[in-house]
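Single-structure report; data block below.
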Amino acid sequence: MFFHAVYFYPREDAQPGDAETLAAGCRTLAAIPGLTFFQVGHTAGTPRDVVDNTYAVALLTAFTDVAGHDVYQDHPIHLAFIAANKHLWGRVQVYDSLVE
């Protein structure tokens, strides 16, 4: 399996409601074929030094293989999501993992 975890960090001038708007935009990505897992969430606020609680929205996805992920990256829905929502984040951090 191929896991694709995306963390969106707010802009310095983020407005109330931006995170919810971004999360709603993320949910449009669920329509892309090939996803085997899909969830959108927010920081849990876990009070531990090793936990990053500074992101606004988390997008957690999984695919059967790398090829499924590659289709997702170039899919028109994904490209439209980026174009429509990139003004809502200041930084994006991605973690891709292969699981045997």
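Bear in mind that the values in this text are calculations on the coordinates, not laboratory data. Small disclaimer: the values here were computed from a predicted structure and weren't measured. Backbone-built Cβ (ideal geometry, glycine too); neighbour counts: all protein chains shown.
Treat every Asp and Glu Cβ in segment 6-49 as -1 and every Lys and Arg Cβ as +1, leave all other atoms uncharged, and give the resulting dipole magnitude about the Cα centre to the nearest 20 debye.
220 debye
Which order do the peptides 41-52, 22-33, 77-88 come out in when sorted by mean C-beta neighbours inside 10 angstrom, highest first? Can you show the working numbers first?
On the way: 41-52: 9.1, 22-33: 16.2, 77-88: 13.7.
Those peptides, ordered most packed to least, come out 22-33, 77-88, 41-52.
I'd like to know which of VAL50, HIS75, PHE37 lies farthest towards the positive end of the charge dipole of segment 1-90, counting +1 on Cβ of Lys and Arg and -1 on Cβ of Asp and Glu.
PHE37
In debye, nearest 20: dipole of segment 2-98 around its Cα centre with unit charges on the Cβ of K, R (+) and D, E (-)? Write out the running numbers ahead of the final one.
On the way: 5 positive and 10 negative charges, 28 e Å.
Computed about the Cα centre, the dipole is about 140 debye.
Given labels modelled 7 Å from the Cα in the Cβ direction, how far is it in nm from PHE38 to LEU60?
Simple spin-label model gives 1.6 nm for this pair.
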